[in-house]
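See structure below.
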Amino acid sequence: MSKANLLDRRSVVGSLLADRRDAIVVGGLGASTYDIAAAGDHDRNLYLWGAMGGAVMIGLGVALAQPKLPVVVITGDGEMLMGMGSLATVGLQKPGNLSIVVLDNEIYGETGGQASHTAATVDLVGVAHSCGIADARALATMAEIEGFAKAMQDVASGPHFASVKIDHANLERVLSSRDGQFTVTRIRSALGFGPI
Amino acid sequence: MHARTEAPSETAPSWPEEIFAILQRFDVRQVPYVPDAGHSQLIERVLGAATMRAVPLTTEEEGVALLAGAWAGGQRGVLLMQSSGVGNCINMLSLTQIIRFPFLTLVTMRGEWGEFNPWQVPMGSSTQGVFELSGIKVLRASHPDEVRDVVEAAAGQAYNACTPTAVLLSQRLIGAKVFTK
């Protein structure tokens, strides 16, 4: 696979979230969460620091509860591979307001850069498509990223899936809150829900 | 789907209906499940309920994550599974402590009370221990006439006190699965 023209992950996430409006954003364990934090903390961000493989399902739970709001899951290839069955579950539910973006650098960057399955064999766009997600795209240019950002806002046309091949650069960590209860309570407050 | 007993034209038990009524009363909206024969009557009711979203899963841990997201979005849910699926959930159960959402699961038991299939026994034997080590309170119902009270109590502490809770529905209650050639 050609390594030319790989995109910069921070630019990708910055562009996806530049006009996020009311969207709720779920960040998968690992560098994706740092990218979302780097784009700016927000009271509708849910940062995962664990629960590997769960990002898409958490996004689905939010999306089914709030069908009029865009819900965006941004995660990495390793995290997505661990929860690949959740693409089948999403394909069955077909939530119009859910978008999934995989930042695919083909390695486990947090653990020493070991190759992931996407480096050699697995085509996540093909997997998503096979699971019944009709809008499954490979994004290779910033113009395509901007196009996907617009699609994310259309809550009637999802689910949307995109895989973005990004470069291997190990960027400075931008640390979000690690307090899951705080971030979820903050989202609930933003939506008008109180504590128990 | 296999019937649990061979009894012909036996009247359907009333306890699944009682569980359904409790879930409706507590405004449960998302019902993720991996099918089990013991849950089949309840799943049918959920699939027919306008206020509930049934979400079939590929593996049980998906359901734990789904319910965390549902809570972030303002809805309550319940996870339906059998005892073999509890082991699949272990790491994802971290979410109940980290996010502290109202987690309720109803688990039909295998691997106990006249079990035919030895492959069900190891996980069935450790189901309660796995939950307790993961910080989940465990209640059990073994007789039809106690299901309503047990599930009512479990839903109350899960949804009102945000205390993650599992109800084990005993194989004695459901009936051991009968395997015939």
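Within the range A:157-173, is there a residue that is open to solvent by 70 Å² or more (accessible area, probe 1.4 Å), touching a strand residue (DSSP E or B) at 6+ places or on another chain (Cβ under 8 Å), farther than 17 Å from A:Ala63 by Cβ and at pLDDT below 95? Yes: the range A:157-173 contains one or more residues that are open to solvent by 70 Å² or more (accessible area, probe 1.4 Å), touching a strand residue (DSSP E or B) at 6+ places or on another chain (Cβ under 8 Å), farther than 17 Å from A:Ala63 by Cβ and at pLDDT below 95. Of all residues in the range B:131-157, those that are more than 17 Å from B:Val78 (Cβ to Cβ) have Cβ atoms under 6 Å from Cβ atoms of residues that are open to solvent by 80 Å² or more (accessible area, probe 1.4 Å), 6 or more apart or on another chain, in B:Gly135/B:Gln97; B:Ser142/B:Arg172. Every condition in (1) within 14 Å of chain A (Cβ to nearest Cβ); (2) in a loop (DSSP other than H, G, I, E, B); (3) open to solvent by less than 20 Å² (accessible area, probe 1.4 Å) is met by B:Ala49 except one, and the failing one is (1).
Among the conditions (1) modelled with pLDDT under 95; (2) not in a helix (DSSP H, G or I), the only one that A:Ala138 does not satisfy is (1). Per the listing A:Asp35, A:Asp8, A:Asp19, A:Asp41, the residue uniquely crowded, with 23+ Cβ neighbours inside 10 Å and not hydrophobic (A, V, I, L, M, F, W, C) is A:Asp35. Looking at B:Trp119, B:Trp113, just one residue is open to solvent by 10 Å² or more (accessible area, probe 1.4 Å) and on the phi > 0 side of the Ramachandran plot, and that residue is B:Trp113. Of the residues making up the range A:160-190, those that are part of a loop (DSSP other than H, G, I, E, B) and within 11 Å of chain B (Cβ to nearest Cβ) number 2. Residues considered: A:Ala31, A:Ala55, A:Ala51. Of these, the only one that is hydrophobic (A, V, I, L, M, F, W, C), in contact with a Gly (Cβ under 6 Å, 6 or more places away or on another chain) and within 14 Å of chain B (Cβ to nearest Cβ) is A:Ala55. Looking across the range B:167-181, the residues that are closer than 11 Å to B:Gly38 by Cβ, part of a loop (DSSP other than H, G, I, E, B) and modelled with pLDDT under 95 come down to B:Gly175, B:Ala176, B:Lys177. Would you confirm, using the coordinates I've provided, whether A:Leu60 is under 18 Å from B:Val64 (Cα atoms), touching a residue at least 24 places away in the same chain (Cβ under 8 Å), within 12 Å of another protein chain (Cβ to nearest Cβ) and not aromatic (Phe, Trp, Tyr)? Here the answer is yes, as A:Leu60 does meet what is asked.
Considering (1) surrounded by 17 or more Cβ atoms within 10 Å (Cβ to Cβ); (2) within 11 Å of A:Ala162 (Cα to Cα), the lone condition that A:Gly85 does not fulfil carries the number (2).
Here the range A:63-75 is the region considered, the condition is being closer than 15 Å to A:Ala128 by Cβ and either at the interface with another protein chain (Cβ under 8 Å from one of its Cβ atoms) or free of Cβ contacts under 8 Å to residues at least 60 places away in the same chain (or both), and the residue that is surrounded by the most Cβ atoms within 10 Å (Cβ to Cβ) is A:Val73. Evaluated against (1) within 15 Å of B:Thr127 (Cβ to Cβ); (2) open to solvent by 10 Å² or more (accessible area, probe 1.4 Å), B:Thr108 falls short on exactly one condition, (2).
The values are calculated or read from the model by the stated rules, or taken from the named source; none is laboratory data. In this text the structure is predicted, and so the values were computed from the model without any measurement. Quick reminder, even Gly has a Cβ in these numbers, built from the backbone with ideal geometry, and neighbours come from all protein chains shown. Heavy atoms of the whole protein, side chains included, go into the accessibility calculation; ligands, DNA and RNA do not. Shrake-Rupley method; radii C 1.70, N 1.55, O 1.52, S 1.80 Å.
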